[in-house]
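Trainee: I have a structure I would like to understand better, so I am pasting it below and will then ask my questions one at a time.
The values are calculated or read from the model by the stated rules, or taken from the named source; none is laboratory data. Please read these numbers as outputs of a predicted model, since none were measured by experiment. Note: ideal-geometry Cβ built from the backbone for every residue, glycine included; neighbour counts use all protein chains shown. Note: accessible area is taken over every heavy atom of the protein model, side chains too, but ligands, DNA and RNA are not part of it. Shrake-Rupley method; radii C 1.70, N 1.55, O 1.52, S 1.80 Å.
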Amino acid sequence: MRFLKNPLFIFGVFSFFILIAFSYVFWLSSNYIETRQEQILLMHRDNAVNIIENNFNNYEMTLSSVQNYLSSNPSDSDLLNLLVSIDQESEEISSIYFYRPDLTMVNSSGYVPDPGVDLTSRIWYVMATGSDTFIYTPAYINSSEDRVIVTTAIAVYENNVLAGVLATDIDIMAIAGFVSDMEIGDTGYAFLIDTNGSFIAHPDIDVSDIVLNPATELVSLTAGLTGATVNYYITIQGTEGVLAYTTLVGDSYQLGVFMPLAEFTQNLRLLSTLFIIFTVIMVILATVFSLFYSKTIGRPMDRLLNDIRAINLNNDIHYRLPISKNPFMFGDVRTSLNAALATTAEAMEQNIADRRELAIENQRVKVLMESTADIIFEVDLDKRFSSVFGRGLKKIAMTPEDFIGKTVLDVFGDAGKERDKLYEKALQGEHHIYDWTLVKKDQTLYFEASISPIYDEAGKVTGAVGITRDTTEPMLRQKEVEYLITHDFLTGLYNRRFYVEELTRLDGLATLPLALMMIDFNGLKILNDAYGHHFGDIALKKTSETLCTIAGISDSVCRIGGDEFAIILPKANLEAVDAFKSKIQTELAKILIGNIPISVAVGYDVKLESQTSLEEVMKNAENRMYRNKVTEGRNIRNGAIKAILMTLTDKFSDEKNHSARVGRYCRLIGEAMDIHSDDLRELEVAGLFHDIGKISIPDAILGKPEKLTLEENELIKTHTENGYHILRAADEYSGLAEHVLSHHERWDGKGYPRGLSKTDIPLFSRIIGIAEAYDTMTSDRAYRKHMSDDDAIAEIIRYAGSQFDPNIAKIFVEKVLKKPFNGKSK
């Protein structure tokens, strides 16, 4: 390799590389200059485009404001006033007008077409009705031939029907003057052409001349051009140059910025001259340097480079460069490199250990973050999510890809505004804890979150990290507890606690007048006894629904006891509350529960003066309610008994006939026993109502065609006690309760429900027992046919003295049935 030590060879190689380097620099510089020139042309073009389009955008905004005004259906005079004011405010607007399909026009210039003149064939009308946005016509000379104008227009619709075309004529002189006066270098210029191929602006055209010059050469020249880059070697009017071209205002106009090639490449030529001079100088210097280099630098550098190439810390971390006493062997460099190698080796050993530990730690953190039920996220300084982890994402049916690179507003829309503000504060160094909600599939999810800033080693905020935890279940439990604290479980109305607190609160606010209405359900016990508590609950719910329907938005409907309600009516006077009461009683009376209309007792009072105590208002309302209950309660309860019997007999016609016959037999027996006439009516009614307790027995048992089971028989036996409780609740029929309770007792004490015997059994109950037994035996039942009268009489005689009172049995057979009482009794 001796030729490498030859100074001439070194000189040639050095010169070659210098030439290549400076050629590369020249190439970069020429590209830069050329690119810079292109950017200047594009800058001129884009600046002109922005100014021109801003002008036209202003005209569009003006038309848009008028279009919005038209939606209010103004009169023609109001519309004309608006158009005139707009025309007067802008020198460029020649006129602004609204032309309707019925050939009428409102024009700021005052021009109105003669009757019958149809302008719908005009280009601005045709273009506007054929487009759903603003249109721009080619330039044209106005009718007074004192302006070159273009028209921008838009079709106006009302309920998808064309209402007319709104248009404005724009004097193009200002834009033409701006384009014509543009300074593009020393010799360049700009031009503007409309869609008809006419010059709007060109430096050779005097903008004050009211003419439209054809741009035939430029139209054909720009036919295949785009506005992406500049176009080279374009010849215009015999001059070769560079053209920056584009269309603007929705392709309505063509803008070109042209610079002759001689001016465009002027700096490149200057650069070439400087490059040649500089190259000659560098070649001279390179020759001198190569000679010096060969001796003092070349060979020592080769040795040094070879030693450096031998460095491979991956294979030998303890390798060091050899040190020589030769002053040209770069001893200081070798010493410094060896020190750097020692430091690097130490750092590499530490780095290997750190990387191993970090890899293990990263695995732990990744597994922890991905397995946590929470959502852990990180945002950058632009508030965009850079990482999102956690199984909590499944709860909201989202993946990390739904977040990465997006802001909280991108992901959650307006619902993320508050969180976006907190992220901003976190990036300013603040720590925040906050709550947020998300609606997914009609379910509201609740979350608790915190966000804190992240700092680099210099203490500068580089982002923020947050954690979000799903608190839906505890939140729903809390809301449920809060709801139950103030609401009644059965009806959903406010409860007594809320009633007391709300009444106290309103009284403290001095909300006058303040009305209080107390309501008590009439006959709830009868409903419960007759039909079961399920029907009583239904009645309470129906009452609650009706009260809520009638009550106003500001009224509070409360259930303050088993059958007691209260309504708080702020700002209600006596007349309104009295009408409210009447409506409540009327509407509730329309609701039937087991043929029984719902009835309530109502009392109210109104606090009109602040010195009146709340306790006095409550007492007055309760007293009036109780008076109402005493007045109407008796009739309601008595009517309920009749309704219950009707319900039972309507469902089972056999029961209806059976009850009537038993009542008739009871009266006949009473007459035969010379019972006082006043008591005969009670006896007959007792016979009629003896089975009223069966209203509480399931229909399936009462109508069962087969023989009843032991359990079903035991259930049937409860009808006596049920009837007792039902009748006891009604004043008119309370005296019958004892007779109905005991009509299945036996003379020998083996009956039910109390096992009474002989004369301990009430007289009327003994009579009902015989009358019912005879009618039951002589009537068809679902599970058997009836007995003959003689067989039934034989059974009465047989069980006289055991089941039946023997004296009453004898009177019934002989005096009522007119049969002989013979045979043995048990």
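Trainee: From largest to smallest, what semi-axes in whole angstrom does the chain give when each is the square root of 5 times an eigenvalue of its alpha carbon gyration tensor? Walk me through the intermediate numbers first.
Mentor: Values: eigenvalues 2240, 501, 135 Å².
Computed over the chain, the values are 106, 50, 26 Å.
Trainee: Oh, and also: Take every Cα-Cα pair in the range 660-779 and report what % of them are more than 21 Å apart.
Mentor: Details: 2682 of 7140 pairs.
The share of Cα pairs beyond 21 Å in the range 660-779 comes to 38 percent.
Trainee: Test of understanding: what is the full-extension gain from Gln585 to Lys619, defined as 0.36 nm times their sequence separation minus their Cα-Cα distance? Show your work: numbers first, answer last.
Mentor: Values: separation 34, 0.36 × 34 = 12.24 nm, distance 2.13 nm.
Full extension from Gln585 to Lys619 adds 10.1 nm.
Trainee: Rounded to the nearest 0.05, what FRET efficiency do Arg798 and His533 have when you use their Cβ-Cβ distance and R0 = 56 Å?
Mentor: Values: r = 42 Å, r/R0 = 0.75.
Efficiency computed from Cβ-Cβ geometry: 0.85.
Trainee: While we're looking at this one, here's another question. For the range 760-818, take every pair of Cα atoms, bin their distances at 5 Å starting from 0, and report each bin as a whole percent.
Mentor: P(r) for the range 760-818, in whole percents per bin: 4, 18, 31, 24, 13, 7, 2.
Trainee: Between Tyr799 and residues 5 or more places away or on another chain, which pairs have amide H atoms under 5 Å apart, with H built 1.01 Å from N, and which residues are they?
Mentor: Lys826
Trainee: Still on this model: Loop-only check: which GluC sites (Glu not before Pro) in the range 391-437 are DSSP coil with at most 16 other Cβ within 10 angstrom?
Mentor: Working: sites: Glu401, Glu418, Glu424, Glu430; in loops: Glu430.
Filter output for the range 391-437: Glu430.
Trainee: Tell me the label-point distance for the pair Asn142, Met43, using the 7 Å Cα-to-Cβ offset, in nm and rounded to one decimal.
Mentor: 3.7
Trainee: Applying 1/(1 + (r/R0)^6) with R0 = 45 Å to the Cβ-Cβ distance of Thr35 and Asp132, what FRET efficiency is obtained, to the nearest 0.05?
Mentor: Working: r = 40 Å, r/R0 = 0.90.
With a Förster radius of 45 Å, E is 0.65.
Trainee: Mind grabbing the base-10 log of I(q)/I(0) for the range 93-221 at q = 0.10, 0.15 Å⁻¹? Debye formula, identical points on the C-alpha positions, no solvent, two decimal places.
Mentor: At q = 0.10, 0.15 Å⁻¹ the computed log10 ratios are -0.39, -0.77.
Trainee: Measure off, as a whole percent, the carbon and sulfur share of the 1.4 Å-probe accessible area of the chain, all protein chains present.
Mentor: Details: 23990 of 44530 Å².
Accessible surface attributable to carbon and sulfur in the chain totals 54 percent.
Trainee: A 30 angstrom limit on the alpha carbon distance is what I want to check against. Which of Lys542/Lys629; Lys440/Lys542; Lys583/Lys694; Lys440/Lys571; Lys707/Lys815; Lys758/Lys815 exceed it? Before the final figure, lay out each step's value.
Mentor: Details: Lys542/Lys629 20 Å; Lys440/Lys542 33 Å; Lys583/Lys694 35 Å; Lys440/Lys571 41 Å; Lys707/Lys815 34 Å; Lys758/Lys815 22 Å.
From Lys542/Lys629; Lys440/Lys542; Lys583/Lys694; Lys440/Lys571; Lys707/Lys815; Lys758/Lys815, over 30 Å: Lys440/Lys542; Lys583/Lys694; Lys440/Lys571; Lys707/Lys815.
Trainee: Tell me the angle of helix 76-89 to the major Cα principal axis of the chain, expressed in degrees between 0 and 90 and rounded to the nearest ten.
Mentor: 30
Trainee: Let me ask something else. Residues of the chain: accessible area per residue at 1.4 Å, in Å²? Before the final figure, lay out the partial values.
Mentor: On the way: 44530 Å² over 826 residues.
Spelled out: the 1.4 Å probe surface of the chain, per residue, equals 54 Å².
Trainee: Set Lys and Arg Cβ to +1 and Asp and Glu Cβ to -1, take the dipole of the chain about its Cα centre, and tell me which of Leu42, Ser77, Asn306 lies farthest positive.
Mentor: Toward the positive end, the furthest listed residue is Asn306.
Trainee: Here's another thing I want to ask about it. Mind giving me the nanometre distance, one decimal, between the label points for Ala347 and Phe489, set 7 Å out from Cα along Cα→Cβ?
Mentor: Between Ala347 and Phe489, the simple spin-label model gives 7.3 nm.
Trainee: Can I ask one more? Under 8 Å for C-alpha pairs, at least 6 residues apart: give me the relative contact order for the range 377-418, rounded to a whole percent. Numbers along the way, then the final one.
Mentor: Numbers: 44 pairs, mean separation 13.6, N = 42.
Relative contact order comes out at 32 percent.
Trainee: Angle, helix 763-777 long axis vs. longest principal axis of the chain, Cα atoms, 0 to 90°, nearest 10?
Mentor: Helix 763-777 and the main axis of the chain meet at about 70 degrees.
Trainee: Grab the beta carbon distance between Val439 and Asp790, set R0 = 56 Å, and tell me the FRET efficiency rounded to 0.05.
Mentor: FRET efficiency, Val439 to Asp790: 0.10.
Trainee: Under Stokes-Einstein, with the Kirkwood radius over Cα pairs standing in for Rh, what whole-number D in µm²/s applies to the range 25-102 at 10 °C and 1.306 mPa s?
Mentor: Details: Rh = 16.1 Å.
For the chosen part, D equals 98 µm²/s.
Trainee: If amide H atoms are built 1.01 Å from N in the plane of the peptide, which residues on other chains or at least 5 residues away come under 5 Å of the amide H of Ser387?
Mentor: Correct list: Glu378.
Trainee: Determine the calculated [θ] at 222 nm for the chain from helices alone, applying -39500 (n - 2.57) to every DSSP H run no shorter than 4 residues and normalising by the residue count; nearest 500 deg cm²/dmol. Walk me through the intermediate numbers first.
Mentor: Details: 27 runs with 400 residues, N = 826.
The per-residue figure over the chain is -16000 deg cm²/dmol.
Trainee: Among residues other than Pro570 whose Cβ falls under 11 Å from its Cβ, what is the net charge (Lys/Arg +1, Asp/Glu -1)? The partial results should precede the final answer.
Mentor: On the way: positive: Arg505, Lys571, Lys607; negative: Glu502, Asp507, Asp555.
Taking every Cβ under 11 Å from that of Pro570, the sum is 0.
Trainee: If each of Ser64 and His431 carries a label point 7 Å out from its Cα toward its Cβ, how far apart are those two points in nm?
Mentor: Those two pseudo-labels are separated by 4.7 nm.
Trainee: Separate question: Once Lys and Arg get +1 and Asp and Glu get -1 on their Cβ, which of Leu445, Val333, Phe22 lies farthest toward the positive end of the dipole of the chain?
Mentor: The Cα lying farthest towards the positive end belongs to Leu445.
Trainee: Using +1 at the Cβ of each Lys and Arg and -1 at the Cβ of each Asp and Glu in the chain, identify which of Ser180, Cys558, Ile726 lies farthest towards the dipole's positive end.
Mentor: My answer, from the dipole projection, is Ile726.
Trainee: Something else: Using alpha-carbon pairs under 8 Å, 6+ residues apart, how would you state the relative contact order of the chain in percent?
Mentor: Working: 1249 pairs, mean separation 47.6, N = 826.
Contact order relative to length: 6 percent.
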